[in-house]
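Q: This is the structure I have questions about; it appears just below.
The values are calculated or read from the model by the stated rules, or taken from the named source; none is laboratory data. In this text the structure is predicted, and so the values were computed from the model without any measurement. Please note: Cβ atoms are built from the backbone with ideal geometry, for glycine as well, and neighbour counts cover all protein chains shown.
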Amino acid sequence: MKTKPFYKSALFLLLSFFLMTSSLFAQEISQDNYKEKYKEAVGFIRKENLEKGSNLTYKLIDYLRENRDIYADSTDILLSKNYWNLTNLYLWKNQELSLKYADSTITIALRTNSPGIKQRAYSIKYYCLYDVKGYEKTLDFLANECIKYSLLANNNKMLGESYMHKCNSMVMLGKASEATSFCNQAVDVFKNVNDEGYLASVYNNIGNVFTKKKETRRALEFYEKSHEIALRIQPAIEISKSARNIAEKNEELRNFKKAATFYKTYGDSLESHMNKVIDSKFAEAESKYQVEQKDKEIAQQELEIEQQKNTRNLYIIISLIIFIVVFIYLQKRFNKQKRQKLIIENSLEKEQEINVMRAKFLGNISHEIRTPLTLISGNIQMALEEIGENKKLKEHLDNALLNSKKVIDDANEILHILKFDKSKQEVYYRSVSIVKFSKRIFLSFESAAKAKEITLEYKTNVTSEVEVQIDSDKVERILNNLITNAIKFSSSTSSIICSLALTDDQLEISIQDFGIGISIEEKNKVFERFYQSKTSKSVGGIGIGLALSKEFAELMNGDITVSSTLNKGSSFTLKLPYIQTTSKANPQESTVITHPSKQDVDRTIKAAKILIVEDNVEMNNFLKDIFKDMYDCSVAFDGKEAYDRILKEDFDLITSDVMMPRVDGFELRELLNQIPEKKDIPFILITAKSLEVDKLKGFQLGINDYIIKPFNKNELLARVRNLIENNKVKKEWHAKHQDLFEKDASFDVKLLEKVQKIVASNIMNEDFKVDVIAKEIGYSQRQLSRLLKQYTGMSPVKFILEIRLQKAYQLLKDKTHKTLAEVKYNIGISSTPYFNSKFKQRFGVKPSEFIDKE
């Protein structure tokens, strides 16, 4: 509000500045001075001053177009006159420009109701094309238009000129007799015009016409008439012109004496004309000199006055410019600060709204899932009590119960973090043996560490008898989160160290890993709510574990700090104030739990070797349980570890997650594509990423299958079995037919793509046969069979069936059809038993199961 008077004053000064400076510039065209400016432009044109004449005429045209409302119907008449002037300015100097403006003159003139303006427009274009070869018919058309509008205008001068145009055009078209009649009409018209000078000019032009017709005597007749009038009205230039023409014609008729006489008259009149011009110019120059001397005296006085005014105005202008620049700078700075403040306020407001909505949503989800999770875990617990001695079933149920507990823990974490927002958290202290307490929590992760061959090492300088008062529930939650993250982001065969220390005023527990580490940019962000690391490519959690741990620590007047080096590991340290309830001793205590390497475990060699690449320990074990009865399974916990193993060992199939630390599933596939002997290993992505863009990326990289979590166990086994069998057939065929391999493999790959398109385009045709493919690609059936065996391990018949079944699977999965009959029709299979059997064999599930799910 304080800046408003300042703002108004500045605007007033700015307006004053423009009003003042505008008076320093030349006066613009207005309604009051239009006629004066028009005459000025005509004067420049008559003096053939191209630059000034054209510039001023352009301004007049722009002014008229911008002020049509002032001149109304007269606007086009005035515009046409200005374009006529431009045409006249460039006439016989620049044909392209003169024709351009002549056309504009005609276009605008035709919009008017003035026949005189129209005649002038057509006449000026006539002069533009006069004596230009190839335009005889155009000139005749223009002459006709000139006659038509002259008659409408009832203007004898225009009519006479128009007849002259017609006469000339007839001569050019070779129509001499018609030309003569129009010349005579021109003469008749001009005899009635009270303008002998114009009539003399007309007679002279008619003589020129007969000269072109090579009718010398007729031409001489009209030249003599022109000379007679010229002698009467005494214009030296007309006398000179007609005398010269008479002399030339008499010379042609061999009347040399008469020719000589008129040549003398021509010379005398020309000299007389030049003397008059010189006298006129001298008088004019003398007059201008006298006026110039007086003007100089006045100008000198005015210059001195003007210099004083200009100096004063310059100071005023400079002062105003400086003031305006400073004002604009201050105003921009003020506005920028105001905008930044508004942006920050809006951002904070939006962030608060999002946080409230997110908290409400998460709270609702957490409460909603607790009931079904309770029922799930309760029923699993009841099943465990009833299963008896079935150890294998008990192992699966224990694993399910453990994972349901993890979901409940995540829900509890959400509710706990929401309680912080509502200030409902309290601290409950109790005495615990800190060594036993922390060691129990750390070693409870032994089974998870064992799955990744991670060594757990516990170190302390505190005896087990030492007890301290802490909120054990919150400390346990913090440690559980830190250890879980350490295992998750550690590579196989690495180690995790838990260190416990007591100082005089603080309890310190550190969890150190040697995994992927945290970048410098992310160190301060890992404790933010819902933050997901951009350094790690793995996906997991909901981004509140470390945030909740940090808030628990601060609630207990402590803190959590982190030190980390990217790709070398991280160390999280929990620092808490404590009250010691027993004496402290200082013996060193260390516990190390190591696990044997998977390479040292003796296992039975199965028919095929599978490498399972999955960073989630439980999912890794789950996949291993699915495959272990049929295949020889190896595991890796990220793409880098998998790549190192693939370089050393041979595998018949690889299953991989997409999002993993260090090297993800897509990158692993890209790395294998660069190794000729490894790129053909069947490769399946098993992932929670269900977007089509991710599937497309995978298939473009050369994966063989893409399975979305959660998946059907039987479907997974069927897909794996199918890929391994096809690859086995392909390898066997390669071994037997080394001599048949094409040198240009890329050619055959493109040909294979063509075969796939042919099958896809004929998929609804139940009678579609192999020979159709062979015919379309120009191969024999034997060559086609070799091609498919080489690149797919399948025969042509099986290859066609594979494409039909893949299409059926996609249709059923997308639920685009309500009945199996529709699906069968769309893939060209009519037999229901055959379709059900082959689909179950290929995908491990019945096609009807997809329909039943609706």
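Q: Tally time: how many residues in the range 501-531 are more than 16 Å from ALA553 (Cα to Cα) and either among the aliphatic types (A, V, I, L, M) or modelled with pLDDT of 85 or more (or both)?
A: The qualifying residues number 8.
Q: Contact list please: Cβ distance under 9 Å, first residue in the range 809-834 and not assigned by TED's automatic domain parsing to the domain that holds VAL759 and at pLDDT 80 or above, second residue surrounded by 11 or more Cβ atoms within 10 Å (Cβ to Cβ) and basic (Lys, Arg), pairs at least six apart or on different chains.
A: Pairs found: none.
Q: Can you find a residue that is surrounded by 12 or more Cβ atoms within 10 Å (Cβ to Cβ), modelled with pLDDT under 70 and charged (D, E, K, R) anywhere in the range 349-368?
A: yes
Q: To continue, here is another question. Taking the condition of a type in the set (A, V, I, L, M, F, W, C) and at pLDDT 90 or above, does ILE45 pass? Give the steps one after another, and end with the answer.
A: Details: of a type in the set (A, V, I, L, M, F, W, C): yes; at pLDDT 90 or above: no.
It is false that ILE45 is of a type in the set (A, V, I, L, M, F, W, C) and at pLDDT 90 or above.
Each row is one residue, and each column tells you yes or no for (1) among the charged types (D, E, K, R); (2) surrounded by fewer than 17 Cβ atoms within 10 Å (Cβ to Cβ); (3) modelled with pLDDT of 90 or more; (4) not in a helix (DSSP H, G or I).
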residue: LYS81; (1), (2), (3), (4): yes, no, yes, no
residue: SER98; (1), (2), (3), (4): no, no, no, no
residue: ALA102; (1), (2), (3), (4): no, no, yes, no
residue: THR105; (1), (2), (3), (4): no, no, yes, no
residue: ILE117; (1), (2), (3), (4): no, no, yes, no
residue: ARG120; (1), (2), (3), (4): yes, no, yes, no
residue: LYS137; (1), (2), (3), (4): yes, yes, no, no
residue: ILE147; (1), (2), (3), (4): no, no, yes, no
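Q: Can I ask one more? Hey, could you check the range 701-715 for residues that are assigned to a loop (DSSP other than H, G, I, E, B) and within 26 Å of LYS750 (Cα to Cα) and say which is farthest from the chain's Cα centre (by Cα)? Please lay out each step first, then the result.
A: At the first step, the residues of the range 701-715 found to be assigned to a loop (DSSP other than H, G, I, E, B) are 702-704, 709-712.
Add one more test, that the residue is within 26 Å of LYS750 (Cα to Cα), and what stays is 702-704.
Values: GLY702: 29, ILE703: 30, ASN704: 33 Å.
For the range 701-715, the residue satisfying everything is ASN704.
Q: Now for a different question. All but one of (1) in contact with a Gly (Cβ under 6 Å, 6 or more places away or on another chain); (2) at pLDDT 90 or above hold for LEU110, so report the exception by its number.
A: Result: LEU110 fails condition (1) only.
Q: Can you tell me which of (1) part of a helix (DSSP H, G or I); (2) at pLDDT 70 or above is the one ILE408 doesn't meet?
A: (2) is the only condition that ILE408 fails.
Q: Restricting to the range 688-700, count the residues that are surrounded by 14 or more Cβ atoms within 10 Å (Cβ to Cβ), out of contact with any Leu (no Cβ under 9 Å at 6 or more places or on another chain) and outside any loop (DSSP other than H, G, I, E, B).
A: Selection size over the range 688-700: 1.
Q: Same structure, new question: Among the residues of the range 654-666, is any in a loop (DSSP other than H, G, I, E, B) and hydroxyl-bearing (Ser, Thr, Tyr)?
A: Filtering the range 654-666 for residues in a loop (DSSP other than H, G, I, E, B) gives 657-664.
Applying the additional criterion that residues be hydroxyl-bearing (Ser, Thr, Tyr) yields none.
No.
Q: Would you be able to say whether some residue in the range 669-689 is in contact with a Pro (Cβ under 9 Å, 6 or more places away or on another chain) and either closer than 19 Å to LEU723 by Cβ or not assigned by TED's automatic domain parsing to the domain that holds ILE612 (or both)?
A: Within the range 669-689, the first condition is being in contact with a Pro (Cβ under 9 Å, 6 or more places away or on another chain), and the residues that meet it are 688.
Checking the rest, the ones that are also either closer than 19 Å to LEU723 by Cβ or not assigned by TED's automatic domain parsing to the domain that holds ILE612 (or both) come to none.
Scanning the range 669-689 turns up no residue that is in contact with a Pro (Cβ under 9 Å, 6 or more places away or on another chain) and either closer than 19 Å to LEU723 by Cβ or not assigned by TED's automatic domain parsing to the domain that holds ILE612 (or both).
Q: Also, I was wondering about something else. When the residues of the range 185-218 are filtered to those that are crowded, with 17+ Cβ neighbours inside 10 Å and of a type in the set (A, V, I, L, M), which remaining residue is nearest to GLU252 (Cα to Cα)?
A: In this case the residue turns out to be VAL209.
Q: Does ILE478 meet the test of being at pLDDT 85 or above and either farther than 19 Å from ARG430 by Cβ or in contact with a His (Cβ under 9 Å, 6 or more places away or on another chain) (or both)?
A: no
Q: For the range 447-471, which positions are in contact with a Leu (Cβ under 8 Å, 6 or more places away or on another chain), in a strand (DSSP E or B) and of a type outside the set (Ser, Thr, Tyr)?
A: Passing the criteria: LEU456, LYS459, VAL468, ILE470.
Q: Just need a number here: residues in the range 38-65 that are outside any helix (DSSP H, G or I) and aliphatic (A, V, I, L, M).
A: Final tally of qualifying residues: 0.
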